[in-house]
1. Give me a count of the residues in the stretch 40-78 that are under 13 Å from the mean Cα position of the chain (by Cα) and of a type outside the set (G, A, S).
2. Would you check if D105 is within 25 Å of A15 (Cβ to Cβ), open to solvent by 50 Å² or more (accessible area, probe 1.4 Å), assigned to a helix (DSSP H, G or I) and among the acidic types (D, E)?
3. Which condition number does S32 fail, the rest of (1) of a type in the set (G, A, S); (2) more than 16 Å from F4 (Cβ to Cβ); (3) in a helix (DSSP H, G or I) being met?
4. Any residue that is modelled with pLDDT of 85 or more, in contact with a Gly (Cβ under 8 Å, 6 or more places away or on another chain) and not hydroxyl-bearing (S, T, Y) - is there at least one of those in the stretch 79-100?
5. Which condition does F13 not pass, out of (1) part of a helix (DSSP H, G or I); (2) without any contact (Cβ under 8 Å) to a residue 60 or more places away in the chain, if it passes all the others?
6. Mind checking which residues of the stretch 75-102 are closer than 17 Å to G49 by Cα and either among the polar types (S, T, N, Q) or surrounded by fewer than 17 Cβ atoms within 10 Å (Cβ to Cβ) (or both)?
7. Quickly run through the stretch 52-62 and pick out the residues that are modelled with pLDDT of 85 or more and crowded, with 19+ Cβ neighbours inside 10 Å.
8. Within the bounds of the stretch 89-97, is there any residue that is among the acidic types (D, E) and within 17 Å of V39 (Cα to Cα)?
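The values are calculated or read from the model by the stated rules, or taken from the named source; none is laboratory data. Bear in mind the structure is a predicted one, so any value in this text is a computation, not a measurement. Cβ atoms come from the backbone with ideal geometry, glycine included; neighbour counts cover every protein chain shown. The protein model used for the area step is the full one, side chains on, heavy atoms only, and it has no ligands, DNA or RNA in it. Shrake-Rupley method; radii C 1.70, N 1.55, O 1.52, S 1.80 Å.
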Amino acid sequence: MPEFLLAHLGIPFLAGLVFLFMTAASDTHPLSLESCNDVALDFTILSIGANGAIFLNPRLVTHWKELTGVYGIVVVLINLLLASFLVYRRRWRQEPTTKVQAYVDLFFGVLALTVTTMVFYVGYNGSAPTS
């Protein structure tokens, strides 16, 4: 399981960090509290992208049977909801961005990664009820 998590979450996460720093390096402004919303959105997009590979895992399909697709769609919708919170927060944010606002944004992004990882972990280890 650690190799699968590394392949489907770790590598895209590292690629996202590379993209983040490449974007920051080419931007006219350094990374700051205002960047946290963009980073969090990248995390939610990463989480959504990882779902395709995760829910094709044969062990999860064996565990959840015909409900595997339903769980996959629910996780994508949860991540889209978290992304919509982030977009809403950016749209109506009072300037300048405070540390609390930045940390809340990062919380939503990390929560998206956590939801995807935990659903995979539960399904892979077989501790969730099957139908």
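1. Of the residues in the stretch 40-78, the ones under 13 Å from the mean Cα position of the chain (by Cα) are 40-52, 54, 75-78.
Applying the additional criterion that residues be of a type outside the set (G, A, S) yields 41-46, 48, 51, 54, 75-78.
Here the count works out to 13.
2. On the way: within 25 Å of A15 (Cβ to Cβ): yes; open to solvent by 50 Å² or more (accessible area, probe 1.4 Å): no; assigned to a helix (DSSP H, G or I): yes; among the acidic types (D, E): yes.
No: the conditions fail for D105.
3. (3)
4. Scanning the stretch 79-100, I find at least one residue that is modelled with pLDDT of 85 or more, in contact with a Gly (Cβ under 8 Å, 6 or more places away or on another chain) and not hydroxyl-bearing (S, T, Y), so the answer is yes.
5. (2)
6. L77, N79, L80, L81, S84
7. Result: L60, single match.
8. We begin by selecting, within the stretch 89-97, every residue among the acidic types (D, E); these are 95.
Retained after the next criterion (residues that are within 17 Å of V39 (Cα to Cα)): none.
No, every residue in the stretch 89-97 fails to be among the acidic types (D, E) and within 17 Å of V39 (Cα to Cα).
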